[in-house]
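Student: Pasting a structure below so you can have a look.
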Amino acid sequence: MIDNAAARFSQSKAVGRSKAVGRGLASVGKGLGRGLATAGKAIARKRVLVPTCIAIGLGGSYAAILGLHSLLARAGSTDAWSAAIGAVTTVVLVLVTAWYAYLTYSLVQAQRSSARTAGWEMALRDLSLFIGKNRQAIWTASAFFPIDTSTRPPMLLDLLASRDALAEIRQHLLSILGVLPTEFAKLALGAVIHLVEAEEELHAISLAFLEETQLGMAEKRSWTWEGARRFHEESDDEERNEPWNEMMAGKHVHRAEESWDQLSEDVDRYLQGRS
């Protein structure tokens, strides 16, 4: 019985030593981890030099070896020095490897973010130039409205030219959506939607004017506003369902102008903040 008790006592003592060694290794690992993390942050912030960090790391490793050797010696280890050196070396290698992996990942992400931001800025500068270049086309379309039905109608070719100019602007905006930042891509897409509606509005007006012109020529009579309105309201074309009065007021053309101005203001404000 006494032998069994002694055996159990020896086992519990060995377990206690193992736990002490384990706690020592965990403490060493945490200490080295905090030291390396602090050194890594210092390097990233350029507050200390690399030789200083290396000196701190070596000093910490030496202190950890001494501490672990003391624990192992008290636990009765016969090769405390080699075990302490091997354990600390392994922990240091693992932590250094993890640290380098983190720094590499951070550098790659920073490079990607920098390249992406530079690409966005270039795209927005191109968009700003495009907006300035084509602002006159928007103003020309808006200048038709409201259409005064008590005077002669606008020239049909001018309306068609304005419609085609808006179509070209819309197509360009669609082609660059993929290279714009999400916020500006949404704004550009909103402008595209309003441009499409403005195109349809100009197209519907042009068709009503054309049909009335053709009928007047066939009947050998003068062009009339009432005839153009009748052609528009009696059409079965789904793209010609806008109320006549709203169409004469240029509802969608003015909305396109407002969205265009808003896009221009937001792009200019962003670029001024970056300069």
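Student: Could you please find all residues in the range 220-275 being polar (S, T, N, Q) and within 37 Å of the chain's Cα centre (by Cα)?
Tutor: 259, 262, 264, 272, 275, listed by residue number.
Residues checked against (1) touching a residue at least 40 places away in the same chain (Cβ under 8 Å); (2) within 21 Å of residue 253 (Cα to Cα); (3) of a type in the set (D, E, K, R):
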site	(1), (2), (3)
138	yes, yes, no
168	no, yes, yes
186	no, yes, yes
196	no, yes, no
206	yes, yes, no
211	no, no, yes
230	no, no, yes
233	no, yes, yes
237	no, yes, yes
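Student: Return yes or no: is residue 232 farther than 21 Å from residue 176 by Cα, in contact with a His (Cβ under 8 Å, 6 or more places away or on another chain) and not polar (S, T, N, Q)?
Tutor: No, not satisfied.
Student: Sort out which residues of the range 171-184 are in contact (Cβ under 8 Å) with a residue 12 or more places away in the chain and under 14 Å from residue 119 (Cα atoms), and write them in order of number.
Tutor: Selection gives 176, 177, 179, 180, 181, 184.
Student: One residue is enough: does the range 182-196 have a residue meeting the conditions more than 25 Å from residue 246 (Cβ to Cβ) and touching a Phe, Trp or Tyr at 6+ places or on another chain (Cβ under 8 Å)?
Tutor: yes
Student: Which residue, of 209, 184, is closer than 30 Å to residue 270 by Cβ, part of a helix (DSSP H, G or I) and either among the aromatic types (Phe, Trp, Tyr) or at pLDDT below 95 (or both)?
Tutor: Exactly one of 209, 184 is closer than 30 Å to residue 270 by Cβ, part of a helix (DSSP H, G or I) and either among the aromatic types (Phe, Trp, Tyr) or at pLDDT below 95 (or both), namely 184.
Student: Additional query: Please verify whether the range 158-180 includes one or more residues that are over 23 Å from residue 132 (Cβ atoms) and either modelled with pLDDT under 95 or assigned to a helix (DSSP H, G or I) (or both).
Tutor: Within the range 158-180 (the criterion being over 23 Å from residue 132 (Cβ atoms) and either modelled with pLDDT under 95 or assigned to a helix (DSSP H, G or I) (or both)), the answer is yes, since at least one residue qualifies.
The values are calculated or read from the model by the stated rules, or taken from the named source; none is laboratory data. These figures come from a predicted structure and were not determined experimentally. Don't worry about glycine lacking a Cβ; one is built from the backbone with ideal geometry, like all the others, and counts go over all protein chains shown.
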